[in-house]
Amino acid sequence: MNPFSYSKPSDVTQAVNLASPASRFIAGGTNLLDLMKENIARPEHLIDITGLPLKDVRPTDSGGLMIGALVSNADLAWHPLIERDYPLLSQAILAGASPQLRNMASTGGNLLQRTRCYYFYDSTVPCNKREPGTGCPAKEGLNRIHAILGASDACVATHPSDMCVALAALEARVHVQGRAGARVIEFADFHRLPGDAPQRDNQLGDDELITAVELPAPRFQQHSHYLKIRDRASYAFALISVAAAVELDGDVIRDVRIALGGVAHKPWRDTAVEQSLKGQPVSRENFVAAADAMLRDAQPLAHNAFKIKLARRAIVRALSDATLGGTV
Amino acid sequence: MNANTPIPGNSALGQPMDRVDGRLKVTGQARYAGEYPEDGLLHGSVVSSTIASGRVVRIDASQALAVPGVIAFIDHTNRPHIASYDEDYQDADAAEGSPFRPFYNDRVLYSGQPLALVVADTLELARHAGSLVRIEYETESHQTDLSIGQSDAHTAPAETPKPRGDFSGAFAQAAVTVDSHYSTPNEHHNPMEPHASTVFYKADGSLEIHDKTQGTQNCQDYLHSVFGLEKEKIRILAAFVGGAFGSGLRPQYQLPLAVMAALKLQRSVRLTLTRQQMFTFGYRPQTLQHMRLGASKDGKLMAIAHDAIGQTSRFEDFAEHVVEWSGMLYQCDNVQLSYKLAPLDVYTPLDMRAPGAASGMVALECAMDELAIAAGIDPVQLRIANFAESNGNEGKPYSSKELLACYEQGAERFGWSKRNPEPRSMRQGRQLVGWGMAGGVWEAMQMPASAKASIDSSGKITVSSATTDIGTGTYTVMTQIAAEAAGVSPQDVTFVLGDSSLPTSPLQGGSFTVSSVGTAVQQACRALRAKLLDAVRMAHPQYAVVDMADVGYGDGYLLIDDQRFAYADIVRESSHETLEVQIDAKPDEKREGYSTATHSAVFVEVLVDEDLGTIRVNRVVDAVAAGRVVNSKTARSQILGGVVWGIGQALQEESQTDHTLGRFMNHSLAEYHIPVNADIGEIDVLFVEENDSIVNDLGSKGVGEIGIVGVASAIANAIYHATGKRVREFPITLDKVL
């Protein structure tokens, strides 16, 4: 861990004015502290944002919810309105990390978790995400946990968050503020695919701070399911996860969202597949067809071909559990 | 000397006594090696190699030394003098060969090798400065892949039993055969407490060292020979050890490095390894195993061949008992065992809980399951049919072997008779249910050990030996053994350990601490009781010739006729402040005619999701025969821990190497998976009654290892039963059953 200076602003403007390319905002620190101890993140300045007034969950005019960036993952998962109206989000959060981590981790910070790629996490080996241009040993190395969709020559890492998979399915919006002002980013646009700049996980500028995550009015509370498949029952990142959210009209699918975790550099959605399910009856055949379509372009590496098969089955399982309690 | 007429009443042995050190531990008062404070204590940080083979050309520490608060930088060019001969580095658990010498020269032997040490005022500064050290290498080619290295394997220096009978002939004629290959991965111990040494540099130049170790005197001897220091000037302390599992059997490199810094600076220094550095020394080695079993139609074993290849370093031949079990657990006349080692550019492996057995029994007990299926015989019945009264490797009967009772009582508790033998025949909703079982075995060894016992005028007894308590409950069980042998309540006994200046003790490992140190404690306390009787004889002429056998004892009294003599009074009336004895205990000669071993039968229920491949170990019954159980609570905890580890071994644990980089890559507890609470279902431990008057006077065999043995096989066998898929490459992650 390199030496750093520290400040604790009390309002958002002050916070973003302190920001620079060499600074990091810190809230729960559940990922950043690890990265600092491993010499992966070496900020010269830490801006502690835990004093900012971003801790509320409040209803929006459009019937949704505005979640302050500093609401802890635990508080969010157990929030009565989230449990009632967005059970998918609640399930996804509780599928991640451990109770201790969820108590510390913030909503905004969860969006900014960095990949768990072994090579990224070892500062003595090459990694394009950590040090652009050094190469990607994971491509030919240990890649059982790596991406099958949307990867590039430069990077095959996956995004580790569970919460983000649910937020992608729910089409949340990310409210950010920088020195130039505030803006709103659609969740699908927030995280990036690696391309030739894998060092950039998302669209945030160096001075931009996430202030809130906005959920649209609830539509899927009756029929949603978060399925996480991992190497142990808790405290492990997803090999595959699926956030499935369905709006039914009798046994016909009026609307559907399917987001995948553990497969790509960002939560993975395929709106064309979702579109194709609309108006179709709930049936195993339709779910299988959707799963096949979502994985059509999947590219396996040496050790992760199983993820394609597993993702297919997981999509079918999640849609089935979301719609009919797993009976199809 | 034996006065075997205890006053009937409460025996301390066998009781589920709470840990005597439990309160200290849960209230944070128990200090571990890296927690001892001193004003002005310096902190070290190790800089490790990033290549697997080659030499150091140049180390640039200028940036590190420029950091305010950095006191010193040490590498192979400026370290204090260390020994030149291999034998000076060979500790009590050394493998054959040329032990690793930290900072000896410019050679890089493996990735993660310590190459430099930064010493600073604080831990944070030391670690930061360490990250600024730049090392220039001359890289040489390396090989870390056992699947390639196996072609260069040589016979292990392991005294593997010679072949008996005619394996090839018998195998060719067998009605039913199994011919299967299995592999087990590298695993790191990962105790909760990382390795650490706090070296207090005393005014007279002597060193008082708090070290994470399983052998205080082993470390003392090592420092004596490596640094040429007088033994009297080195004291190693290890009052508490936060788990070790074998990782503390050999002196680990943080110890000599911390000593180097202390000697060079003549100051006190602490060195604590990072979790990542816990992957840079000993580990359970990967094995490739070939198992061939031949049996008659009714399942009687006619031929067993077990061939294993393990990995080792280029500088030492680490050997463990991988294949021996296949020659001793079952009755078979035609047995052929081989064990080879493949040297790679890695660090030397190290004993890890049930070394050799945990991996070797995977092959034997999975193959037995395959044989049961091939022969159409129930797996328990197959094992009963092949039960061995004597150890075929040694040609000696077992001192006791209640394995049949383990099978029977374990099966009964589990409900094995309700098992449908057909794979995929049992299910709960989407979960396929599998029931599997396996046997376990571990040697019941005993080493020479010494102990001292003293009693003061308040009747309080202090017993000591240089052994450690690595979390197993040594403090507690020794207290119980001492109380029983001395004839006092456990509350009147204090057991002292973890100090190289105490009476000699072997390394704490191999499940032989109760047998070895326990016997010494028992003998010391009996001797102390005899000394108390001597004092009575002296003080009371009418009892001058009373025979020991006619003296009762218990509750802190000697009982002669109707006369009660309180121990406290005896001491007070003697001319001494305390009465004290020290004894050296050795294994009894009567052991020589026997094989001594612990056994178990493990029964497992797994649930396997038929679509997703996720595996849950829902239920385990482990029936254990380990002689007399000294403390039913700590013994159960030992078995529980072993079973949990067995679940990890079966399903999760694997140190993954990138062979291009020659480096372990999942070096964190986030990515090196061990079971979490949510992975663990019901675990039912039962100890079958086993009387053994041969193994030692306690009749106790030790339970440190046996809990893990057989668990992984039982799980693999249950997974086969659930899914019809036989997975022979461990760990069995879900992708292998999809």
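Every number here is computed from the coordinates shown, using simple stated rules; none is lab data. Being a predicted model, the structure only gives us computed values, none of them experimental. In this analysis, Cβ positions are derived from the backbone assuming ideal geometry, glycine residues included, and neighbour counts consider all displayed protein chains.
So how far, in whole Å, is the C-alpha centre of segment A:19-68 from the one of segment B:565-614?
Centre-to-centre distance over Cα atoms comes out at 53 Å.
Could you tell me whether chain B comes out rounded, prolate or oblate from its Cα gyration tensor? Rule is a ≥ b ≥ c as square roots of the eigenvalues, rounded for a/c under 1.5, then prolate if a/b exceeds b/c, otherwise oblate.
Oblate is the answer for chain B, as a/c is 1.5 or above yet b/c matches or exceeds a/b.
Taking the Cα-to-Cβ direction at B:Ser693 and at B:Thr122 and moving 7 Å from each Cα, how far apart do the two end points lie in nm?
The answer from the label model is 6.6 nm.
Which GluC sites (Glu not before Pro) does segment B:375-471 hold that lie in a coil by DSSP with at most 10 other beta carbons within 10 Å?
On the way: sites: B:Glu389, B:Glu394, B:Glu402, B:Glu408, B:Glu412, B:Glu443; in loops: B:Glu389, B:Glu394, B:Glu402.
Of the GluC sites (Glu not before Pro), the ones in loops of segment B:375-471 whose Cβ has at most 10 other Cβ atoms within 10 Å are B:Glu389.
What is the distance in Å between the Cα centroid of segment B:134-157 and that of segment B:678-738?
33
For chain A, what is the mean residue ellipticity at 222 nm derived from helices alone (per DSSP H run of n ≥ 4: -39500 (n - 2.57); sum divided by total residues; nearest 500 deg cm²/dmol)?
Helix-only estimate at 222 nm: -7500 deg cm²/dmol.
Below 22 Å, Cα to Cα, which lysines can B:Lys25 reach? Residues fewer than 8 away in the same chain don't count.
The qualifying lysines are B:Lys212, B:Lys633.
Tell me whether the protein assembly as shown comes out rounded, prolate or oblate; compute the Cα gyration tensor, take square roots of the eigenvalues as a ≥ b ≥ c, and use a/c under 1.5 as the rounded threshold.
Because a/c hits 1.5 or more and a/b exceeds b/c, the protein assembly as shown counts as prolate.
Can you put B:Thr272, A:Thr60, B:Thr50 in order of Cβ neighbours within 10 angstrom, beginning with the fewest?
Lowest to highest Cβ neighbour count: A:Thr60, B:Thr50, B:Thr272.
Give the average, rounded to an integer, of partner chain Cβ atoms located within 10 angstrom of each Cβ in B:656-663.
5
How about segment B:569-668: which GluC sites (Glu not before Pro) there are in a DSSP loop, with at most 11 other Cβ atoms within 10 Å of their Cβ?
Numbers: sites: B:Glu573, B:Glu577, B:Glu580, B:Glu589, B:Glu592, B:Glu605, B:Glu610, B:Glu653, B:Glu654; in loops: B:Glu577, B:Glu610, B:Glu653, B:Glu654.
Answer by residue number: B:Glu577.
Along the charge dipole of segment A:224-323, Cβ charges K/R +1 and D/E -1, which of A:Gly262, A:Ala293, A:Val282 sits furthest on the positive end?
Value computed over the given set: A:Gly262.
List the longest stretch of chain A that has no exposed loop site; here a site is one of the GluC sites (Glu not before Pro) assigned by DSSP to anything other than H, G, I, E or B, with at most 14 other Cβ within 10 Å. Mind dumping the intermediate values first?
Working: sites that count: A:Glu44, A:Glu140.
Value returned for the longest uninterrupted segment is A:141-328.
So, with +1 on the Cβ of K and R and -1 on the Cβ of D and E, and no other charges, what is the size of the charge dipole of chain B about its Cα centre, to the nearest 20 debye? Please report the intermediate quantities before stating the final value.
Working: 61 positive and 90 negative charges, 165 e Å.
Dipole of chain B, to the nearest 20 debye: 800 debye.
Could you work out the relative contact order of chain B, using alpha carbon pairs under 8 angstrom and six or more residues apart, expressed as a whole percent?
Numbers: 1913 pairs, mean separation 127.0, N = 738.
This gives 17 percent for chain B.
Please give the Cα centre distance for segment B:278-322 versus segment A:219-250, rounded to the nearest Å.
42
Contact order normalised by length for segment A:150-220, with contacts defined as Cα pairs under 8 Å and 6 or more residues apart; what percent is it?
Reported as a whole number, the value is 38 percent.
Tell me the mean residue ellipticity at 222 nm calculated for chain B from its helices only (DSSP H runs of n ≥ 4, each -39500 (n - 2.57), averaged over every residue, nearest 500).
Mean residue ellipticity at 222 nm (helix-derived): -7000 deg cm²/dmol.
Determine, for each peptide in B:463-474, A:91-102, the mean count of other beta carbons within 10 angstrom over its residues, then list the peptides with the highest first. Intermediate results must be reported in sequence, preceding the final value.
Working: B:463-474: 27.3, A:91-102: 20.5.
Packing order, densest peptide first, comes out as B:463-474, A:91-102.
Return the average number of partner chain Cβ atoms within 10 angstrom of each residue Cβ along peptide A:232-240.
Details: counts 14, 8, 5, 9, 7, 2, 0, 6, 2.
The per-residue average across the peptide is 6.
Quick one: net charge around B:Gly459, please, counting Lys, Arg +1 and Asp, Glu -1 for every other residue with C-beta under 12 Å from its C-beta.
With Lys, Arg at +1 and Asp, Glu at -1, the neighbours total -2.
Cut-off is 10 Å between beta-carbons; in what order do A:Ile67, B:Ile373, B:Ile309 appear when sorted fewest neighbours first?
Going from sparsest to densest Cβ surroundings: B:Ile373, B:Ile309, A:Ile67.
Using Cα-Cα distances under 8 Å and only pairs 6 or more residues apart, what relative contact order does segment A:224-323 have, in percent? Please report the intermediate quantities before stating the final value.
Details: 176 pairs, mean separation 29.2, N = 100.
Once normalised by length, the contact order is 29 percent.
Among B:Asp121, B:Asp679, B:Asp561, which comes first, then next, by fewest other beta-carbon atoms within 10 Å?
B:Asp561, B:Asp121, B:Asp679
If you take the square roots of the eigenvalues of the alpha-carbon gyration tensor of segment B:315-388 and sort them as a ≥ b ≥ c, do you get rounded (a/c under 1.5), prolate (a/b over b/c) or oblate?
prolate
Describe numerically, in nm with one decimal, the distance between label points set 7 Å from Cα along Cα→Cβ at B:Thr77 and at B:Lys586.
Using points 7 Å along Cα→Cβ, the separation is 5.3 nm.
About the Cα centre of segment B:269-392, how large is the charge dipole given +1 on each Lys and Arg Cβ and -1 on each Asp and Glu Cβ? Please answer in debye to the nearest 20.
Taking the Cα centre of segment B:269-392 as origin, the dipole is about 380 debye.
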